[in-house]
Amino acid sequence: MRMNASAAPPLRRWHWLLVPLLGSLLAAVQADEVAHGYGCDRPIRLALYENRVFYHDAQGIDPDLVAELRRRSGCAFEVSVMPRSDIWRALQAGTLDMATSGIATPERERFAYFVPYLYLRNKLIVPASLAPQLVSMSDFVQMPGARLGIIASYRHGPFMDSSVRILRLAGRVSEYPDEATRFRALASGEVSALIGHDLNLDGAVPAAERLNYRLVDVAPGPAIPHGLVLARAHFSAPQAAQWLRLIEAMRLDGRLAGIMRANAPQPAADELLNSGYHYELAKQGRQP
């Protein structure tokens, strides 16, 4: 029996329909695998907070970072702006999935993973008249009646935080809800010093008034890592590792440096990328 030449075999007839369908199914499976790998089967609830270094006036390092995370991961984000104290409570309660520029502490690591992407060296911001009397944090602690202004729920690294505890026990710490309020307290003499960075001073004080203040580096040791904060209530350890790989890829290909330099003068941007630790190439018989 001869087959009609005009009648194509069944498989051939369906081939052009099956290939696009299988391709679409494969793409959907791969997208699901990527979403599961990053923990973004649904939009990630992420919060920013107002800070002159990280986010202000709807721009800054952190929103640029989030835009790049969105592009590279394919994840969707629901972004809000919240006070820092509310962010930590929401992360702990599981009503927030992710936050930016957080400092790890043993207490916080119980409910969150941390993925560092910048390094901040906090200093004392003081009136110019007070700066000559300060060489170390102990000098400030020993000044009778000198008060320190901090933002509620901020952490500043182990060394600075230990000094904050000493001053708090002596009743010499004032807490403020935001940066603008604490700088007003410094200008009025309500407090004698703030803990902050060069970029905090530059952003909060008009250029004509900056000469009235000094930044005094009183913290020994390296800069303090700040990172993505991933709530353990939402992300698993393998998913946190995926975000770490993504951030490290940005560091290696220069995109992280590009974000810093787009939001800070080059010396400050370079400092934000420097952990303070240096690998000694000479010990390996090589030169840097």
Problem set entry | Fraction of antiparallel bridges per DSSP, the stretch 123-216 only, in percent to nearest 5 | 55
Exercise. What is the log10 of I(q)/I(0) for the stretch 61-187, computed with the Debye formula using one identical point scatterer on each Cα and no solvent, at q = 0.14, 0.18 Å⁻¹?
Worked result: -0.77, -1.13
For this session: Please turn the phi angles of the stretch 119-124 into ³J(HN,Hα) values with the Karplus equation 6.51 cos²θ - 1.76 cosθ + 1.60 (θ = phi - 60°), one per residue in order, whole Hz, x for glycine and proline.
Result: 10, 10, 9, 6, 9, 8
For this session: State the Cα centre-to-centre distance between the stretch 107-138 and the stretch 153-193 in whole Å.
Result: 11
Seminar exercise, completed: Here the Kirkwood hydrodynamic radius of the stretch 123-216, Cα-based and in Å, equals 13.2
Exercise. If you place +1 on the Cβ of every Lys and Arg, -1 on the Cβ of every Asp and Glu, and leave all else neutral, what size is the dipole of the stretch 32-97 about its Cα centre, to the nearest 20 Debye?
Worked result: 120
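Throughout, read-outs are computed from the coordinates displayed, never taken from laboratory work. Everything quoted here is computed from the prediction, not taken from an experiment. Reconstructed Cβ throughout: ideal geometry from the backbone, glycine too, with neighbour counts over all protein chains shown.
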